[in-house]
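Here the structure comes first, spelled out in structure tokens, and everything after it is commentary.
Bear in mind these aren't lab numbers, they're just calculated from the coordinates by the rules spelled out. Quantities reported herein were computed from a predicted structural model and do not represent experimental measurements. Here the Cβ positions follow ideal geometry from the backbone for every residue, glycine too, while neighbour counts run over all protein chains shown.
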């Protein structure tokens, strides 16, 4: 084949390639808005936060490059470590009972009971309710003097508790909000996993004389291990990002003794109250590292538990 023929063939190939690409233009145009919005409101803030974490900036004036100084201070910041401890304690107090209750509720909803659809909707409603409204209601329930919970304690002859002045009372109030809001959501996820389990396994277990607790712990939980792993990871990510609940309940300071100061609330306090945007970005990246490490630990623990 001559050189001229080869060149002609290449040109024809390029022409066909451009024609095929032009045919996909409507498809690319239809999905382009998502990627443009994601780049502007997703990728750009991520990279910009990393950039300003190496600068001292009040949000208005010029930026001053400080290198790793903010991360070095972050490691020695006592308030940051307090926020980590508070977040982990609240996460433990809320996630363990929340996931257990969700699993029990899903197991009951999967059984033959009447009005299952109504129960599913009722359990999911707290998840779509405004977080601010939930925090205000729970603030009334855990009020120091005229709260509903203290009224119940007084009615049965017990001493009232200063819930929102007590470090553990604040954590209990925040954890209760998390449990109330997310139990139904996780129950729906567990219910979807339960419906994928063959019913013949339950029938065989009942024929062999297995009780309901035995079926629950020896059949349901082992087969739901991937779903449980998913809910543990998502609950970890959500639990590490608690903000609205403590912010509405005890304010930006975290309440007495900073008992409600979570990591995201501390980030908000530094960045948007004190205008230390560079340090706030450093806290955000520190939070990212902690979430990744904690999620990896949870994944390994659940995986090993499943193997055993």
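Listing for the model above:
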| item | result |
| --- | --- |
| Order of 77, 58 - criterion: other Cβ atoms within 10 Å of each residue's Cβ, fewest first | 58, 77 |
| Taking the chain and dividing mean pair separation by its residue count, relative contact order in percent (alpha carbons under 8 Å, at least six apart) | 26 |
| Cα-based Rg of the stretch 160-249 normalised by 2.2 N^0.38 Å, two decimals | 1.50 |
| Cα-based Rg of the chain normalised by 2.2 N^0.38 Å, two decimals | 1.37 |
| Fewest-first ranking of 130, 253, using other Cβ atoms within 10 Å as the exposure measure | 130, 253 |
| Least to most buried among 240, 263 (fewest other Cβ within 10 Å first) | 240, 263 |
| Rounded FRET efficiency, nearest 0.05, which uses the C-beta distance separating residue 72 from residue 252 and R0 of 22 Å | 0.30 |
| Base-10 log of normalised Debye intensity for the stretch 200-251 (one unit scatterer per alpha-carbon) at q = 0.22, 0.27, 0.29 Å⁻¹ | -0.80, -0.96, -1.01 |
| Euclidean distance between Cα centres, the stretch 143-169 to the stretch 225-303, Å | 28 |
| Stretch gain in nm, segment residue 155-residue 131, where the contour uses 0.36 nm per residue and the Cα spacing is subtracted | 5.7 nm |
| Paramagnetic reach from residue 60 in the stretch 265-289 [backbone N under 12 Å; point 7 Å along Cα→Cβ] | 275 |
